[in-house]
Amino acid sequence: MGKALTRQQHLDLYYYMRLNRAVEDTMVKLFRQNKIVGGLYSSLGQEAVSVGTAFALEKKDWLAPMIRNIGALLVKGVPPRDVFMQHMAKYDSPTKGKDGTSHFGDLDNLHIVSPISMLGDLIPVMTGVAMAGRYLGHKIVAMTWIGDGGSSTGVFHEGLNFAATQKAPFVLVLENNLWAYSTPVKRQVPVENLADRAKAYGVESFIVDGNDVAAVYQTAKEAVEMAREGEGPVLIEAKTFRRMGHAQHDPAEYVPPDMKKYWEERDPIARHEKFLLKEKLLDEKGKKEIEAKINALLEKEREFAENSPFPPAELAEQGVYCTGDDCHKIRAKWERPVSEVTPPKSSVPAVWTVEGFGAGKGSGGGSAPIHFGDTVKHERKEEAAASPNGAKAPAKKNSKKPAVATARKGKR
Ligand SMILES: Cc1ncc(C[n+]2csc(CCOP(=O)(O)OP(=O)(O)O)c2C)c(N)n1
Ligand SMILES: [Mg+2]
């Protein structure tokens, strides 16, 4: 377990979890008033995962949220009005009403990549972000989340393996909330701990109680520091529970009532509040002040969102397909001279060569064989002719063995 948290950190975690819940409660009301366009997903009971993990990131770091990570967006600095307007498809929303839910990003200021899919595609994308940061000389960490269901997709495995081989400064938070839509985790994965999946790729992994916000933060902080120091990616399995259905349309009658009750009793906000009161880090007066602050903020943010217009019809066809620079400019912010990070200066000599197999020339200088099977015979003939005493030059071995990352055992 990492360093103890300061009082302010404990209070900030509490504030963001409560803000996360209040933002979603407000949206449930808006949904029932038919003001939300599209689906509405809930992270009720999972707030400690979004808040605790994102809280471990620095301002310069990057994240990409999933549908249940509004808490992470709030911690990163997204104003609640943007979340409301995005769900209401308003003109002042980050996508100007073109997309819904959490499908928006902010590449310039907050370093948020817009989610593409719930089911794993963000893993290779955020690995790429982490690698790009390294090439550019930034010491950043990239983070994204994946569900228990999403961890069974091909791209999860391809992406994690890619991150591992590239030693990308990347943290993947696996939110095991025990359900993927109506499928219980036990019916789709034959292992107890999903963190074990990391071992297949030589990736460090941690398991944490996803309903204990301080533990989630400490674990995430350690993972982020390890990734930043160049130790490669880290996977954190946060054990938690999806207390609502998959989305508002799903009453989740397939969830056993006992299971629901068990997890309701372990509500992350009530649990952290109890701890704060017991440790005298918060009193009833302080609690009321936080409530009042959140209520006042959300009243203002909701009103702004409700008063924002829908996009004018003429704009419907604009900004749908990228038309290049007149649509948007994405330019790398080079921190090192461009020549230093592009070939030929950045080129690395190949260390893995196949003798006699190349661009028209064998490694001994002769013509390359057409088939691998030809190599020995062909090379021998060439070398015998080339060598004055007829001695065979020693065969070159692969000079570099593949690096075997040592998988450390999960610490928690
Ligand atoms: C290719 C594809 N198939 C199905 C879906 C619908 N879908 C979205 S999320 C999801 C379940 C995800 O479960 P899990 O990964 O455990 O995340 P959770 O919802 O529990 O947070 C499904 C079936 C989708 N978005 N894309
Ligand atoms: Mg799930």
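The values are calculated or read from the model by the stated rules, or taken from the named source; none is laboratory data. Keep in mind it's a predicted model, so treat the numbers as computed, not measured. FYI the Cβ positions are ideal-geometry reconstructions off the backbone, even for glycines, and counts take in every protein chain you see. Just the protein is used for accessible areas: all its heavy atoms, side chains included, with ligands, DNA and RNA removed. Shrake-Rupley method; radii C 1.70, N 1.55, O 1.52, S 1.80 Å.
Structure notes:
- Annotation note: of Gly149, Gly159, the sole residue that is within 10 Å of ligand 1 (Cβ to nearest atom) and within 23 Å of Ile67 (Cα to Cα) is Gly149.
- Pairing each residue of segment 118-131 that is under 14 Å from Ala164 (Cβ atoms) with any residue that is within 12 Å of ligand 1 (Cβ to nearest atom) and not in a helix (DSSP H, G or I), provided the two are 6+ apart or on different chains, yields C-beta distances under 7 Å for Ile123/Ile146.
- Residue in segment 85-103 that is more than 27 Å from Thr240 (Cα to Cα), open to solvent by 50 Å² or more (accessible area, probe 1.4 Å), out of contact with any helix residue (DSSP H, G or I) (no Cβ under 9 Å at 6 or more places or on another chain) and part of a loop (DSSP other than H, G, I, E, B) present: no
- Unmet criterion (only one of (1) of a type in the set (Ser, Thr, Tyr); (2) outside any helix (DSSP H, G or I); (3) within 12 Å of ligand 2 (Cβ to nearest atom)) for Ser117: (3)
- Residues that are away from ligand 1 (no atom under 15 Å from the Cβ), open to solvent by 10 Å² or more (accessible area, probe 1.4 Å), under 15 Å from Trp145 (Cβ atoms) and part of a loop (DSSP other than H, G, I, E, B) occur in segment 52-72; there is at least one.
- Which listed residue, of Thr183, Thr127, Thr144, is within 16 Å of ligand 2 (Cβ to nearest atom) and buried (at least 18 other Cβ atoms within 10 Å of the Cβ): Thr144
- From the options Arg266, Arg242, residue that is touching a strand residue (DSSP E or B) at 6+ places or on another chain (Cβ under 6 Å) and either exposed (fewer than 15 other Cβ atoms within 10 Å of the Cβ) or in a loop (DSSP other than H, G, I, E, B) (or both): Arg242
- First in segment 323-335 and surrounded by 10 or more Cβ atoms within 10 Å (Cβ to Cβ), second anywhere and part of a loop (DSSP other than H, G, I, E, B), Cβ under 6 Å, 6 or more apart: Glu335/Leu136; Glu335/Gly137
- Scope segment 189-216; condition touching a residue at least 40 places away in the same chain (Cβ under 8 Å), within 16 Å of ligand 1 (Cβ to nearest atom) and part of a loop (DSSP other than H, G, I, E, B); matching residues: Val189, Asn193, Gly210, Asn211
- Qualifying residue in segment 35-43 (condition: part of a helix (DSSP H, G or I), touching a residue at least 40 places away in the same chain (Cβ under 8 Å) and basic (Lys, Arg)): no
- Checked against (1) over 24 Å from Phe55 (Cα atoms); (2) more than 16 Å from ligand 1 (Cβ to nearest atom); (3) touching a helix residue (DSSP H, G or I) at 6+ places or on another chain (Cβ under 8 Å), Gln248 passes all but condition (2).
- Taking the criterion of being more than 10 Å from ligand 1 (Cβ to nearest atom) and in contact with a strand residue (DSSP E or B) (Cβ under 8 Å, 6 or more places away or on another chain), the residues of segment 162-188 that qualify are Ala163, Ala168, Pro169, Phe170, Val171, Leu172, Val173.
- Matching entry among Ala168, Ala220 (being in a loop (DSSP other than H, G, I, E, B) and more than 16 Å from ligand 2 (Cβ to nearest atom)): Ala168
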